[in-house]
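The values are calculated or read from the model by the stated rules, or taken from the named source; none is laboratory data. What you see is a predicted model, and the numbers here were worked out from it, not measured in a lab. Cβ sites come from the backbone with ideal geometry, for glycine too, and all protein chains shown count toward neighbours. When the accessible area is computed, the model is the full protein with side chains, heavy atoms only, and any ligands, DNA or RNA have been set aside. Shrake-Rupley method; radii C 1.70, N 1.55, O 1.52, S 1.80 Å.
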Amino acid sequence: MFLRHWWRTARKNWSAYRCRRLPPGGKLHVGCGPIHLDGWINIDNRRYEAADYIIDVRDGLPFRDLRFIFAEHFIEHLPYWECERFLRDCRSALDADGILRLSTPNLDWVVATQYNARDIRDCFLLNASFKGWGHQFLFNSATLSALLRRVGFARVEFCAYRESAHTELRGLERHERSPDTLQLPHVLVIEASGFGGEADDALDTSAKEFLQTLGAE
């Protein structure tokens, strides 16, 4: 047990040391899994062949002055409090003009499409959306926007799947898709940038009550 803990700690510190020595202006791909993006720093907490570095973001992001951060279908696998910390670390790791691009399942779409008849099948479909595939917390657009501003991003913009005003951020998403509705996309794709942000009383109150119910405060 001691040797395993020592090895994990040494590996984490070595990866962090190497990453801090990278030149500024890099592009970070978080939770890469088996997908390697050329020209990006690909990281994961598991030893995938596609990963350039083995890093657990729950220990922080050992990067500074990044130009872009991209995380596809990642934040829903973190508990809420770890997601908030991760997004705050992203803001710190980006340079002044840096952009964070996220995609994550849309809670409003899940409810609208998976819980219409309120029958037995819908009960299982809804629970699969919440807890299947290792999901921990699903966002809707209002909550994700508020949280991004809460952690220090000044601008939050929703984008279409694989589309962006920035060439480097186009065509990145590769996750399998579900059909959108006329009113709701099945996945939220968002770009956050700038320094500033703002508090949101509704977010803070709701998050505090939620964390209290989990005993996470």
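Is it fair to say Glu82 is in contact with a helix residue (DSSP H, G or I) (Cβ under 9 Å, 6 or more places away or on another chain) and either open to solvent by less than 20 Å² (accessible area, probe 1.4 Å) or closer than 15 Å to Gly134 by Cβ (or both)? Reasoning before the result, please.
Details: in contact with a helix residue (DSSP H, G or I) (Cβ under 9 Å, 6 or more places away or on another chain): yes; either open to solvent by less than 20 Å² (accessible area, probe 1.4 Å) or closer than 15 Å to Gly134 by Cβ (or both): yes.
Yes.
How about region 52-70: which of its residues are out of contact with any helix residue (DSSP H, G or I) (no Cβ under 8 Å at 6 or more places or on another chain) and closer than 21 Å to His135 by Cβ?
Correct list: empty.
The conditions are (1) open to solvent by 40 Å² or more (accessible area, probe 1.4 Å); (2) touching a strand residue (DSSP E or B) at 6+ places or on another chain (Cβ under 9 Å), and Leu94 fails exactly one of them. Which is it?
Just one mismatch for Leu94, condition (1).
For region 9-49: of the residues being of a type in the set (Phe, Trp, Tyr) and in a loop (DSSP other than H, G, I, E, B), which is surrounded by the most Cβ atoms within 10 Å (Cβ to Cβ)?
Trp40
Scan region 100-111 and report the pairs whose first residue is within 23 Å of Phe195 (Cα to Cα) and whose second residue is basic (Lys, Arg), with Cβ atoms within less than 9 Å and a gap of 6+ or a chain change.
Leu100/Arg91
Let's see how each residue does on (1) under 18 Å from Tyr80 (Cα atoms); (2) in contact with a strand residue (DSSP E or B) (Cβ under 8 Å, 6 or more places away or on another chain):
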site	(1), (2)
Ser145	yes, yes
Ala154	no, yes
Tyr161	no, yes
His166	no, yes
Thr181	no, no
Asp204	yes, no
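When the residues of region 58-79 are narrowed to those that are over 12 Å from the mean Cα position of the chain (by Cα) and at positive phi, which ends up least open to solvent (accessible area, probe 1.4 Å)?
Restricting to residues being over 12 Å from the mean Cα position of the chain (by Cα) and at positive phi, the top hit is Gly60.
If you take the residues in region 64-78 that are at pLDDT 95 or above and part of a loop (DSSP other than H, G, I, E, B), which one is farthest from Asn106 (Cα to Cα)?
Asp65
If we keep just the residues of region 196-217 that are of a type in the set (D, E, K, R) and not in a loop (DSSP other than H, G, I, E, B), which is most open to solvent (accessible area, probe 1.4 Å)?
Taking region 196-217 as the starting set, the residues that turn out to be of a type in the set (D, E, K, R) are 198, 200-201, 204, 208-209, 217.
Going one step further and asking which of them are not in a loop (DSSP other than H, G, I, E, B), we end up with 201, 204, 208-209.
On the way: Asp201: 123, Asp204: 56, Lys208: 107, Glu209: 106 Å².
The residue in question is Asp201.
So, Ile55, is that one under 23 Å from Asp95 (Cβ atoms), surrounded by 10 or more Cβ atoms within 10 Å (Cβ to Cβ) and in contact with a Lys or Arg (Cβ under 7 Å, 6 or more places away or on another chain) or not?
No.
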